[in-house]
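In what follows, a single structure is set out as C-alpha cells and then discussed.
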Amino acid sequence: MTRTKRIPYALACGLMACLTSLAAHGQARDFDLPAGDLRTALDAYAKQSGVQLIYRVDDLVGLSSKGVRGAASAEEALTTLLNGTSLSVRRDGSNAVIIFRPAPAESPARRVDSPADAASDDGVSTLAVVTVTAQKRPEPAQTVPISMTALSAKTIEAYQIENLKDVSRLTPGLLVSAFSKNNPTIAIRGVSNTFSQMGVSKPVAVVVDDVFIPRNSAASFDLFDLDSIAVLKGPQGTLFGRNVTGGAIVINTRKPSFDERQAEGKVTLGNLDDRQFQGLANVPLNGSAALKLSASVLNRDGYGMDRLTGAEQDDIASRNFRGQLRIAATETLDVLLSADYARDHNGGRTLSSTTLGDDGDRRTSELGVPQGFARTMWGASARLAWDLPFGEVTSITAYRKSRSTEDYSGVGANYTFLTAGSQNVVSDADQVGTFSQEVRLASPKWALGDFVAGVYYLDEKGTRQLGTRGLAAQTGRLASSALSDQRVQTQSYAVFVDGTVHLHSTLDLTAGIRYTDDRKEASLLRTDRLVPVNTFSAEGVRDTWHEWTPRVALNFHPTRDAMGYVSATRGFTAGGFNTEASSLRAFVLPFDPETVTNVEAGVKTQWLDNRARVNLSVFRMKYKDKQELVNNTTTGIFSIANASRATVKGAELEVGFRPARWLGLSLNYAKLSAVYDSFVVANTNNTGNPLGSSPRNAYSAAVDVNVPVAERGSVVGSLSYSHTDDYYTGATKDANLLVPAYGLANASLGFETSDRRYRVVAWVKNAADTKYILTRSTQVVRAEYLGEPRTFGVTLAARF
C-alpha cells in the first residue's frame, strides 16, 4: 500500500481508536431548549435530538414550557418539556413520537397511532413530518436546503410501494425503467447512464441504512419493512458515500425498538397467482437490547411468454430476510448490527418483435432461445453511534456481496424470422463484493451553527463474464462467439466536511467540500472462439482520478413555516475502462470522469398550521465530459467516451394538503429540458438532441382517505395517477427508440380496525391496463419490452 493510500485509512483507524477510548467517558446529550412557547421548544428539540415529532398545532396553543438546558437523554428532555401540559406521547415507528391530547374520560378512548389519528374536534389534522438524513443527521425534510421527495412509512403502505418503479410514480424528476432485470435504468432529472460494464460507475446512488449499493444489478430489490425513502435530486458531491452527479435514493429500514414486543404479518393474494408473505417480529431482550427479524416472500406467474418455446417470462420468485440487533451498550453508545439475505429469479424478459415474426400480441416474444435471471445478495453492517460531549460520532462498517446471472436475446426475433444478420444471444454473469467504512462527527447544535465531518473508504472487487453468440439468419449456424472475462477493483477514498453558520436569526449559510480519490485496476481477457486472431488480453490496467466537489447554500427562513434557499453544488462520476471493448486499444485507454455543476433556488413552505405544504425548486445543471456509449462509424467499435457537454434545466413542484383528518391530497409536477450542447463523435453529430430518459413533463396526483366508521374502525383507501411524457432511450433522437407518453392509475380500498391491529385492503395497479414501454430495441429488428399489465389483489395485515 502506498503512502497516499495509507493516509485516509490511517485517519479512519486513528479516529476509531480515539473514539473507542472516549466512549466510556461520554455524557448524555447537551440540550439548549428555550423556555416559553411550547411549539418553539418542541421544534428546537426535534432539531437537537433528531427525533421526528408529530403533533396537532391546536393542541399546543397557549401552552408553555420551562425549557431544558444541560445534559439529558432524549426521553428525559421530552418528558421535561411536556411536564404540566397534560399532553401524552406515543412512539410511532423507530424514530417518530406522536404528541397528542388524550380523549376525555367520559368518551371512549381511542388509540392514537398516526398523524391522521391526532385530530382536532373539527376533524382537521396536519401533514406528517418526515425525518431524513440528507445532511448526515436526522432533520425534518422541510428544513433541509436540498430538493428532495420524502416518503414516510405510512405513505409507503398507503400507496402499495414495493419497488423503485413505484417510488418513481410519486416522485417528480425520478424515472425508473429497465433494459432487463439485471440492468435497471435509474434517472434523476435526466441524469443517468445505461452502461452495464464492470469498469464504470453509476451517476445515481442507492443507499440503504447508510450503506452504498455499488451496482445497479444489486439495486432493483423489493422494498419492505421501511421507515422512510428520500430521493435527493441533483449532484450529491459532499456527504454521500460515492460521489454522484444525478442524485441519491436514500432508504432507511425500521430499527429495532426497546419499548415493546411487536409482531406484524401481511398476506397478499392476487391475479397471475400472486402470493406475497411479509412479516416481522421485534423482541426487546432487556432494557438495553432489542432484536428484529423480518422476511418477505413473493411469487407471481409471468405476464409474458415465448411463443416458440412456451417458456414463461416476467414472472417473480423472491425471498428476502433481514435481521437487526440493537444494543444500548452504554448511555452514550448505540450499536446496530444488521444482516440481510435475498434470492430471486425469473424466466427472463418478454422482448416482443414489432416487425419480423410479430404475431400481433405485445405480451409474447418470438425469441426461441433459453432466457432467465437469477440473483443472490447478502450483506452485513455494524453502525456505532457515540453521543459524546463534543458531538455524535458515527461509524458504519459494511460488506455486501451480490451474484447475478442473466441469459437473454438482444435481438427481438428468432433467427428463423431474420432475412439478414444474426440473432445475438447474451449470457451475463457478474459477482461483486464491496467493503466500505465511514466515520463521521456531527457536532452539537451550537448557537452559531454546526458541522458534519468525516472520512470514507470503499473497496470493491468485481468480476463479470459476458458471453455473446450470433446465430445466423435462417440457418442458426454460429456466426460469432466471444467471451469477455472482466475483472475490476475499485478503491475510493474521501474526506468531507459540511457545516451551517447562523448569520442571522433568519439566515443560514451552509457550505461543504469533499475530496475524493478514485482508483481502478482492470483486467480483460476477450476470447473470440471463431476468429482466434481477435483474441487479446490485458492485465492490471490502472488509473486514478481526483476531484474536489464543493457545496454552498444560503437559506432564509422568515418564519418557522417557510424557507427559501439558493445553492450551488458540484458532483462527479468517476472515470473507468471499457471492459467490453472489442479491441485492446479501446480497453487500455480510460475515459475520464464526468462532472455536473448545479445551481438551484427553491422554497419550502407550510400553511394553515401545517395542513398544507408547497415546495418549489428551479435548477440549471451543466454537464462536462459526459460519459456516453458511442459507435465510432469509422472504426466500427462501440465504446464509452467523454463525448459531450449538456445542459439540464427545469422546475419541480410538490403540493400536499390535508383539508380534513380523513383526507389527504398531493400533486407533484416536474418540467425538464435536457439537451446536448456539444456531442460529435466521428461522423455522428448528436448536438441539440435531448438526453436519454429525460421526459419534458411528468406529474402525479394522489388521494388517500381514512374515514372513521363509528367506533369500529376506518375505511382506508388511496387513488393515484402518474403521467410521463415521451422520451428517447438514447442520444441519437432515433424515432425507433422513442418511448411514447403514458399514464398509470393505481387504487386501493379497505377497512382498518380502530386499534389498527387488523387491516384488509383490495388494490389494483395499472388499473386501465395501459401498455407502456420500458425499453425499445433496434438490433436487426425493431422490438419492445412492456411494463407490467393490470394487477390486482387483496392484502390482509395484522399487528400484535
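The values are calculated or read from the model by the stated rules, or taken from the named source; none is laboratory data. What you are looking at is a predicted structure, and each value in this text was computed from that prediction instead of being measured. Glycine also receives a Cβ, built like all others from the backbone with ideal geometry; neighbour counts cover every protein chain displayed. With ligands, DNA and RNA removed, areas are computed over all heavy atoms of the protein, side chains included. Shrake-Rupley method; radii C 1.70, N 1.55, O 1.52, S 1.80 Å.
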Every residue from the range 312-349 that is open to solvent by less than 50 Å² (accessible area, probe 1.4 Å) and more than 25 Å from Met377 (Cβ to Cβ): Ala328, Thr332, Leu333, Asp334
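Return the residues of the range 54-74 that are of a type in the set (A, V, I, L, M) and at pLDDT 75 or above; say none if nothing qualifies.
Step one: of the range 54-74, the residues of a type in the set (A, V, I, L, M) are 54, 57, 60-61, 63, 68, 71-72, 74.
Once the filter is applied, which keeps residues that are of a type in the set (A, V, I, L, M) and at pLDDT 75 or above, the range 54-74 yields Leu60, Val61, Leu63, Val68, Ala71, Ala72, Ala74.
Mind listing whichever residues of the range 126-180 are part of a loop (DSSP other than H, G, I, E, B), modelled with pLDDT of 75 or more and out of contact with any Gly (no Cβ under 8 Å at 6 or more places or on another chain)?
Val144, Tyr159, Gln160, Ile161, Glu162, Asn163, Leu170, Thr171, Pro172, listed by residue number.
Listed here are the residues, each with its yes/no results for (1) closer than 30 Å to Lys266 by Cβ; (2) modelled with pLDDT of 95 or more.
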| site | (1), (2) |
| --- | --- |
| Arg756 | yes, no |
| Ala762 | yes, yes |
| Lys771 | yes, yes |
| Ser777 | no, no |
| Glu788 | yes, yes |
Which of the numbered conditions does Thr516 fail, given that it passes all the others? Conditions: (1) open to solvent by 30 Å² or more (accessible area, probe 1.4 Å); (2) not in a helix (DSSP H, G or I). (1)
When you go through Val599, Val655, Val618, Val603 one by one, which is the residue that is assigned to a strand (DSSP E or B), open to solvent by 20 Å² or more (accessible area, probe 1.4 Å), closer than 30 Å to Leu127 by Cα and touching an Asp or Glu at 6+ places or on another chain (Cβ under 8 Å)? Val618
Across the range 525-549, which residue is farthest from the chain's Cα centre (by Cα) among those that are part of a loop (DSSP other than H, G, I, E, B) and among the β-branched types (Val, Ile, Thr)? Val531
Among (1) closer than 19 Å to His345 by Cβ; (2) open to solvent by 50 Å² or more (accessible area, probe 1.4 Å) - the single one Phe435 does not satisfy: (1)
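Is it the case that some residue within the range 736-750 is farther than 30 Å from Gln423 by Cβ, among the polar types (S, T, N, Q) and at pLDDT below 95?
Narrowing the range 736-750 to residues farther than 30 Å from Gln423 by Cβ: 741, 743-750.
From what's left, among the polar types (S, T, N, Q): 746, 748.
Then drop every residue that is not at pLDDT below 95, which leaves none.
For the range 736-750, residues farther than 30 Å from Gln423 by Cβ, among the polar types (S, T, N, Q) and at pLDDT below 95: absent.
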Leu272: passes all of (1) open to solvent by 20 Å² or more (accessible area, probe 1.4 Å); (2) touching a residue at least 40 places away in the same chain (Cβ under 8 Å); (3) assigned to a strand (DSSP E or B); (4) farther than 24 Å from Tyr456 by Cβ but (3)
Suppose the filter is in contact (Cβ under 8 Å) with a residue 60 or more places away in the chain and either surrounded by fewer than 19 Cβ atoms within 10 Å (Cβ to Cβ) or on the phi > 0 side of the Ramachandran plot (or both); does Lys771 pass it? yes
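Show me the strands (runs of 3 or more DSSP E) entirely contained within the range 692-800 in which 2 or more residues are among the hydroxyl-bearing types (Ser, Thr, Tyr).
Values: elements: 697-709, 713-724, 742-753, 758-765, 773-777, 783-786, 791-799.
Filter on the range 692-800 gives 697-709, 713-724, 742-753, 773-777, 791-799.
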Residues that are more than 33 Å from the chain's Cα centre (by Cα) and open to solvent by 10 Å² or more (accessible area, probe 1.4 Å), drawn from the range 35-50: Ala35, Gly36, Asp37
Leu507 passes all but one of (1) open to solvent by less than 70 Å² (accessible area, probe 1.4 Å); (2) under 35 Å from the mean Cα position of the chain (by Cα); (3) over 30 Å from Met563 (Cβ atoms); which number fails? (3)
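Residue by residue, here is whether (1) part of a strand (DSSP E or B); (2) basic (Lys, Arg); (3) open to solvent by less than 10 Å² (accessible area, probe 1.4 Å); (4) in contact with a helix residue (DSSP H, G or I) (Cβ under 8 Å, 6 or more places away or on another chain) holds:
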site	(1), (2), (3), (4)
Arg551	yes, yes, no, no
Pro558	yes, no, no, no
Arg570	yes, yes, no, no
Thr579	no, no, yes, yes
Ser582	no, no, no, yes
Ala586	no, no, no, no
Asp609	no, no, no, yes
Asp625	yes, no, no, no
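Modelled with pLDDT of 95 or more, within 30 Å of Arg645 (Cβ to Cβ) and open to solvent by 30 Å² or more (accessible area, probe 1.4 Å), is that true of Asp725?
Values: modelled with pLDDT of 95 or more: yes; within 30 Å of Arg645 (Cβ to Cβ): yes; open to solvent by 30 Å² or more (accessible area, probe 1.4 Å): yes.
Taking the combined requirement at face value, the residue satisfies it.
Please work out if Arg343 is assigned to a strand (DSSP E or B) and under 17 Å from Pro256 (Cβ atoms). It would help to see each step written out before you state the result.
Working: assigned to a strand (DSSP E or B): yes; under 17 Å from Pro256 (Cβ atoms): no.
Judged against the criteria, Arg343 is not a match.
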Can you tell me which residues in the range 300-340 are over 21 Å from Arg254 (Cα atoms), in a strand (DSSP E or B) and not small (Gly, Ala, Ser)? Arg300, Met305, Asp306, Glu312, Gln313, Ile316
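Going through Gly234, Gly246, Gly265, Gly302 one at a time, which residue ends up being open to solvent by 10 Å² or more (accessible area, probe 1.4 Å) and either without any contact (Cβ under 8 Å) to a residue 60 or more places away in the chain or under 26 Å from Asp459 (Cα atoms) (or both)?
Details: Gly234 fails: open to solvent by 10 Å² or more (accessible area, probe 1.4 Å); Gly246 fails: open to solvent by 10 Å² or more (accessible area, probe 1.4 Å); Gly265 fails: either without any contact (Cβ under 8 Å) to a residue 60 or more places away in the chain or under 26 Å from Asp459 (Cα atoms) (or both).
Gly302 is the lone residue from the list that is open to solvent by 10 Å² or more (accessible area, probe 1.4 Å) and either without any contact (Cβ under 8 Å) to a residue 60 or more places away in the chain or under 26 Å from Asp459 (Cα atoms) (or both).
Given Asn598, Asn642, Asn610, which one is within 30 Å of Ala494 (Cβ to Cβ) and in contact with a Ser or Thr (Cβ under 9 Å, 6 or more places away or on another chain)? Steps first, please.
Values: Asn642 fails: in contact with a Ser or Thr (Cβ under 9 Å, 6 or more places away or on another chain); Asn610 fails: within 30 Å of Ala494 (Cβ to Cβ).
Of the residues listed, the single one that is within 30 Å of Ala494 (Cβ to Cβ) and in contact with a Ser or Thr (Cβ under 9 Å, 6 or more places away or on another chain) is Asn598.
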Where Ala178 falls short, out of the listed (1) crowded, with 23+ Cβ neighbours inside 10 Å; (2) closer than 19 Å to Tyr772 by Cα: (1)
Does Gly368 satisfy the condition of being open to solvent by less than 10 Å² (accessible area, probe 1.4 Å) and in contact with a Leu (Cβ under 6 Å, 6 or more places away or on another chain)? no
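Filter the range 661-671 down to the residues that are open to solvent by less than 20 Å² (accessible area, probe 1.4 Å) and either under 30 Å from Gln627 (Cβ atoms) or part of a strand (DSSP E or B) (or both) and list them by number. Reasoning before the result, please.
Initial filter on the range 661-671 (open to solvent by less than 20 Å² (accessible area, probe 1.4 Å)): 661, 664, 668, 670.
Once the filter is applied, which keeps residues that are open to solvent by less than 20 Å² (accessible area, probe 1.4 Å) and either under 30 Å from Gln627 (Cβ atoms) or part of a strand (DSSP E or B) (or both), the range 661-671 yields Gly664, Asn668, Ala670.
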Within the range 728-761, residues acidic (Asp, Glu) and open to solvent by 30 Å² or more (accessible area, probe 1.4 Å) come out as Asp734, Asp755
Restricting attention to the range 183-202, does a residue exist that is under 27 Å from Leu441 (Cα atoms) and at pLDDT 85 or above? no
Might you let me know whether the range 273-290 holds any residue that is touching a helix residue (DSSP H, G or I) at 6+ places or on another chain (Cβ under 8 Å) and more than 18 Å from Phe800 (Cα to Cα)? no
Any residue at all in the range 753-776 that's under 28 Å from His723 (Cβ atoms), among the hydroxyl-bearing types (Ser, Thr, Tyr) and more than 26 Å from the chain's Cα centre (by Cα)? no
